Amino acid sequence: MAITGDPERRGPEGLGTRLRHVLEILDGDVARFLADIGLDDYRPRYSPVVRALLARGPLPIRDLAAEIGVTHSAASQTVAQMNRAGLVALEPGADARQRIVSLSEKTRDLLPLIEAEWTATTEATEALEAELPYSLRALLDAIMEALARKPFRDRIGETVAARELR
């Protein structure tokens, strides 16, 4: 999927729309590459989970969510997809509400291929960033830091337009 049209005349898309579009392009291309190398059931969103479980071992979903920086709901949805694909195993935790996530044998068998894809994706990311006027990763880090200092909701609320709504 290509970005079309003159950047100055693309329309009123906001920051969120553009960020989602870039993410769709990146994830779509990574997913197609994964299929090219025989990892049809593996999605780009699984990599942070696999990396966290490799580094920390089996984890409750709540801890996994914190480790990869997503909501409990997002982690739970990803884990459910991975479980259906046979990529993780779920065990009951200390209480009935807790589930412990671990890598399956299927994923462990696929690790050499998954890790090779990670290396290729990292190299492609570095090549893309070399074409940009600044580091996309550094920019995204700076955005997250700025939003941690002052949430976007607060920034919206401080605008003249928002004050006129009250």
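The values are calculated or read from the model by the stated rules, or taken from the named source; none is laboratory data. The model shown is predicted, which means the values in this text are computed figures rather than measured ones. Positions of Cβ are generated from backbone atoms using ideal geometry, with glycine treated the same way; all protein chains shown enter the neighbour counts.
Values for this structure:
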{"quantity": "Residue within region 74-85 that is free of Cβ contacts under 8 Å to residues at least 40 places away in the same chain, aliphatic (A, V, I, L, M), in contact with a Phe, Trp or Tyr (Cβ under 9 Å, 6 or more places away or on another chain) and part of a helix (DSSP H, G or I) present", "calculated": "yes"}
{"quantity": "Test: residue in region 98-107 that is modelled with pLDDT of 95 or more, assigned to a helix (DSSP H, G or I), in contact with a helix residue (DSSP H, G or I) (Cβ under 9 Å, 6 or more places away or on another chain) and under 30 Å from Leu59 (Cβ atoms)", "calculated": "yes"}
